[in-house]
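Step one of this worksheet: look at the structure below.
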Amino acid sequence: MKTAAGQFTPVPGDIEANVRSMSALIHAASAQGARLVVFPELAVTGYELKLIADDPELCVAPDDPRLQPVREACRATSTAAVVNCAARTPGERPTIASLALGTNGELLARYDKLHPYGNELDLFEAGTEDGRFTLDGVRFAMAICYDNRFPELAERARADNCRAYVASSALEVGNDSFESVYPVRARDNGLYVLLANPVGRSEVGECGGGSAIWGPDGSLLATAGAGSPGLAVADLRF
């Protein structure tokens, strides 16, 4: 199964523009044969906590009509996508959530970040359950940025018969996670690991892309490179 990790430069607070960028990357990934595309943390709005705190309308629901272009891109290309956003909840505070959308644009699963970090704690509620979805008979686990610092998430994914682990992140240039976290999670658990990371300025700092896919032995299979929008595409062999 071919999969992709997509990166782009989110426009702060501009859901329409960011959804348009993700839709274009879904079409580009499909042209390379990908069945799944993973996007960075808070890709729908950009990693802009102050904007989200000031404007509740920047929080979306899984069926939000503003996400319709992404759902249509999934349907048009028979490609699934993991889209990360500030997501509404029944309570007072939103979560940082990964929405796994199927090849017909349907919601396969929602995963709420278990471990908000830093200033996120002032704005977002923590999730309570692991995230899982199945595509083409393959079980995937979801994690979001700081979650990946907790090895037990990947250990639970392995124990739960997941074969791949997808991480939506927002990592600044120089972050050690590219060497000390993602390939280690792959190697220690025999999982494919897909990392999607944005490009450009955000509240995290300067993000340099580097979206990548690692094999179950921790080897780097593909990278989208640094500094510009693009895709890391690799064939996961099961």
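Take the alpha-carbon positions of the chain, form their convex hull, and give its projected area averaged over all directions (one quarter of the hull surface) in nm². Before the final figure, lay out each step's value.
Values: hull surface 42.8 nm².
Answer in nm², one decimal: 10.7.
Provide the gained length on full extension for the span ASP188 to ALA17, in nm with one decimal, where the gain is 0.36 nm per separating residue minus the Cα-Cα distance.
Numbers: separation 171, 0.36 × 171 = 61.56 nm, distance 3.80 nm.
Taking ASP188 through ALA17 to full extension adds about 57.8 nm, to one decimal.
Accessible area per residue of region 36-127 at 1.4 Å probe, in Å²? Write down the numbers at each step before the final one.
Values: 3580 Å² over 92 residues.
So region 36-127 comes to 39 Å² accessible per residue, rounded to a whole number.
Relative contact order (percent) for region 25-141, with alpha-carbon contacts under 8 angstrom and 6 or more residues of separation? Walk me through the intermediate numbers first.
Numbers: 214 pairs, mean separation 25.4, N = 117.
Computed value for region 25-141: 22 percent relative contact order.
Between ARG75 and LEU121, what is 0.36 nm times their sequence separation minus the Cα-Cα distance? Round to one decimal in nm. Show your work: numbers first, answer last.
Values: separation 46, 0.36 × 46 = 16.56 nm, distance 3.52 nm.
Computed gain between ARG75 and LEU121 is 13.0 nm.
I'd like the Karplus ³J(HN,Hα) series for region 105-116: coefficients 6.51, -1.76, 1.60, θ = phi - 60°, whole numbers in Hz, and an x wherever there's a Gly or Pro.
Here the 3J(HN,Hα) series is x, 7, 7, 7, 6, 10, 10, 9, 3, 6, 10, x Hz.
Loop-only check: which GluC sites (Glu not before Pro) in region 77-152 are DSSP coil with at most 11 other Cβ within 10 angstrom?
Values: sites: GLU92, GLU106, GLU120, GLU125, GLU129, GLU152; in loops: GLU92, GLU106, GLU125, GLU129.
Those satisfying the criteria are GLU92, GLU129.
So for the pair GLU152, ALA226, with labels modelled 7 Å out along Cα→Cβ, what separation do we get in nm?
Between GLU152 and ALA226, the label points sit 3.5 nm apart.
Let me have the 222 nm mean residue ellipticity of the chain computed from DSSP H runs of 4+ only, each contributing -39500 (n - 2.57), with the sum over all residues rounded to the nearest 500. Show your work: numbers first, answer last.
On the way: 6 runs with 54 residues, N = 238.
Result for the chain, helices only: -6500 deg cm²/dmol.
Under 5 Å between amide hydrogens, which residues at least 5 positions from VAL166 or on another chain qualify, with H placed 1.01 Å from N in the peptide plane?
Residues meeting the amide H criterion: ALA141, MET142, ALA143, LEU194.
In a solvent-free Debye calculation with one equal scatterer on each Cα, what is log10 I(q)/I(0) for region 63-199 at q = 0.19, 0.20 Å⁻¹, listed in the order of the q values?
-1.17, -1.27
Can you tell which of LEU51, CYS74, PRO94 lies farthest toward the positive end of the dipole of region 1-109, using +1 and -1 charges on the Cβ of basic and acidic side chains (Lys, Arg; Asp, Glu)?
Of the options given, the answer is CYS74.
What part of the accessible area of the chain, given as a whole %, is carbon or sulfur when the probe is 1.4 angstrom?
Heavy-atom surface of the chain belonging to carbon and sulfur, 1.4 Å probe: 48 percent.
The values are calculated or read from the model by the stated rules, or taken from the named source; none is laboratory data. Keep in mind the model is a prediction, meaning the values are calculated, not measured. Here the Cβ is made from the backbone with ideal geometry for all residues, glycine too, and neighbour counts use every protein chain on show. To get the accessible areas, we keep the full protein, side chains included, count just its heavy atoms, and leave off ligands, DNA and RNA. Shrake-Rupley method; radii C 1.70, N 1.55, O 1.52, S 1.80 Å.
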